[in-house]
Amino acid sequence: MIESLRFWAIIVLVAFGLFFTFVSAVGVLRLPDVYARAHTASQADTLGAGLALAAVAIALGWQHATVYTVLLLFFVFITNPTAAHAIARSAAESGIDPWTTDDTEEGESK
Amino acid sequence: MSNDGHQEGGFAVAADRLLVPLSDTVTVRQTVGYAVRSGLERSDELEVHLVVALPHEADLPESRHHTADAEELLSKAANWVREDAGSASVTVETALLGTDEYLFGPRDFADTFGDYAQEHGIDLVVLDPEYQPGATAQMLQSIERELERVGLAYDEAPVERPARHERLVGDGTERFDRLFAMFWISYGFYLVLGDPTYWFDLVTGAAVAGIVSVSLAQITFTFPLDRVQSPIRTVRFAFYVPYLLWEIVKSNLAISLVILRPSMPIEPTMTRVNTRVRSGLPLLALANSITLTPGTLVVRADDQRLLVHTLIPSAREGLFDGDLERAIRFVFYGRESAAIPTPRERGDTEIIGGDDQ
Amino acid sequence: MIPSGVTIEEIFLGAAALFVVLAIMMFYRAVAGPTTQDRLLAVNVLGTNTVVILALLAAGLDEPWFLDIALIYALLNFLMAIAISKFTVERGGVL
């Protein structure tokens, strides 16, 4: 019972992890400017990575390596938004204007 | 860095033209007061040049409020000088520096002050020991050294600063608290990665944690640790994490729907939100939380004014409702402080970009 | 309840393969840009994906020491993002 619960928990976590990472990949390809891309790149991806790492932690069970995975999870959750913020700030400071719905004709850089 | 006034020999004789660089610190008032007082002791006539150096280009839209703040600070300081001068003959000059270039680091600031000093025949710079031009441009090296390099005489105002700004010196218990916390954090981290039952790891871990805590404790904790409050905050933070995770999942699903829909109905806007949390760790936690919840991305977090890019309207509304801000206030200041009006009710929100840009 | 014929290891390896595909999608943005920040962002996401792939491989191949590499990689990835985004703004200043 516990085994099958664990099995399905892993399946669900990995599936959602893949889904959110897929969303982030689509977002990075589709969204119009660097700020919008930073949204999905940092957040959907963080959640995707977090879920996948949680699946790994469950699969490893109670052993030393699990601690690593949990640490990794923490790092990803703390560093990813910080990195995204740094990138967005650097974009703002190098004078990249945010894309808005008004300038669609300027070309959706896709 | 001592608190005593430091004077370059030979320059202090006839200092009748003073340059006082101002920045928004807790000690700026005392610095101005000291400049006037010490200047009048040395000579009867005094010319005080108050300057604010802007670390950003003034014409960037996001630094306009910096310029406005700087002008406000200058006019305030000019009043202080007149107040302190009383009947003595003191002339006040104010100037904004660095409006046409991008200043980065003490070297640039020292150069700018040097140019200004040469132009106006400045004899002495009175320096605020807390001088910090703009929250983004952290002082990596001391500005004192750079001032010496450009050959400017300076005098550090002997101010009484609140304990939280005591760098390096600090009083005994505070210093011990920081060392203690840092030591156990790094030791714990070391043992998590290593093997807590193996004597070799225990010994090397203690050594490494000792080195790390001595060298980095003052940098890691820029605020005083409170023996009661800090552990409580940690506990409250543990309550905050599940809430944050739930928010993340919820808004991630919302944003996924938007992105995967072929028409992709996004409405990116730049907004500014004035938050009611102190800078430092609370601000970092809030900014990171805002960034983590999809649809909102903090672009700038120089001070309490956050520049947030929002992707979809619902995320913007959520931001203006300030749920995360309340949660962060709960974590750092306790339950009573959490009940504050939303940013929208306070009028602390502003949509910039989008339509007018 | 566990479907026969599929092991957890295989699931992890399959997931790792799919993550690799997603990482390759990210390459488009890293190459196309158009701005430095776009590329940086794409590389950062790629790095996060790499960390996840390493972790999945660690579980799938039962090689726990892959996690050490993943940990280091995550830290380096973060440092890279910070360093380059600082570098692009502060006119070549070192951090």
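The values are calculated or read from the model by the stated rules, or taken from the named source; none is laboratory data. Treat the numbers as computed from the prediction; the structure is a model and nothing was measured. A quick note on method: Cβ atoms are made from the backbone with ideal geometry, for glycine too, and the neighbour counts reach across all protein chains shown.
Out of all the residues in region A:84-95, which are hydroxyl-bearing (Ser, Thr, Tyr) and not in a loop (DSSP other than H, G, I, E, B)? Show your work before the answer.
Filtering region A:84-95 for residues hydroxyl-bearing (Ser, Thr, Tyr) gives A:90, A:94.
Selection gives A:Ser90 alone.
Suppose we filter B:Leu179, B:Leu191 for residues that are within 19 Å of C:Leu71 (Cα to Cα) and surrounded by 15 or more Cβ atoms within 10 Å (Cβ to Cβ); which single one remains? Walk me through how you get there before you give the answer.
Details: B:Leu179 fails: within 19 Å of C:Leu71 (Cα to Cα).
Testing whether each residue is within 19 Å of C:Leu71 (Cα to Cα) and surrounded by 15 or more Cβ atoms within 10 Å (Cβ to Cβ) leaves just B:Leu191.
Would you confirm, using the coordinates I've provided, whether A:Val23 is farther than 20 Å from C:Thr35 by Cβ and more than 8 Å from chain C (Cβ to nearest Cβ)? I'd like the intermediate steps shown before the answer.
Values: farther than 20 Å from C:Thr35 by Cβ: yes; more than 8 Å from chain C (Cβ to nearest Cβ): yes.
Considered against the rule, which asks whether it is farther than 20 Å from C:Thr35 by Cβ and more than 8 Å from chain C (Cβ to nearest Cβ), A:Val23 comes out as yes.
Starting from residues that are in contact with an Asp or Glu (Cβ under 8 Å, 6 or more places away or on another chain) and not acidic (Asp, Glu), keep the ones in region C:61-94 and report whichever is modelled with the highest pLDDT. Please lay out each step first, then the result.
Filtering region C:61-94 down to residues in contact with an Asp or Glu (Cβ under 8 Å, 6 or more places away or on another chain) leaves C:61-62, C:89.
If we keep only those that are not acidic (Asp, Glu) as well, we get C:61, C:89.
Working: C:Leu61: 85, C:Val89: 68.
In this case the residue turns out to be C:Leu61.
Cβ contacts < 9 Å: first residue in contact (Cβ under 8 Å) with a residue 60 or more places away in the chain, restricted to region A:65-77; second residue part of a helix (DSSP H, G or I), any location; separation 6+ or different chain. Result?
Pairs found: none.
Kindly indicate which of C:Ala30, C:Ala58 is part of a helix (DSSP H, G or I) and at pLDDT 85 or above. Walk me through it before giving the result.
Working: C:Ala30 fails: at pLDDT 85 or above.
Every option except C:Ala58 fails the conditions.
Quick one: count up the residues across region C:36-65 that are more than 8 Å from chain A (Cβ to nearest Cβ), without any contact (Cβ under 8 Å) to a residue 24 or more places away in the chain and under 14 Å from C:Ala81 (Cα atoms).
2
Against the condition polar (S, T, N, Q) and within 7 Å of chain C (Cβ to nearest Cβ), how does A:Thr40 come out, does it pass?
On the way: polar (S, T, N, Q): yes; within 7 Å of chain C (Cβ to nearest Cβ): no.
It is false that A:Thr40 is polar (S, T, N, Q) and within 7 Å of chain C (Cβ to nearest Cβ).
Within region B:274-299, count every residue that is in a strand (DSSP E or B), crowded, with 21+ Cβ neighbours inside 10 Å and modelled with pLDDT under 75. Even if it seems obvious, please write down each step before you answer.
Of all residues in region B:274-299, those in a strand (DSSP E or B) come to B:274, B:296-299.
From what's left, crowded, with 21+ Cβ neighbours inside 10 Å: B:296-299.
Remaining after also requiring modelled with pLDDT under 75: none.
Looking only at that region, the number is 0.
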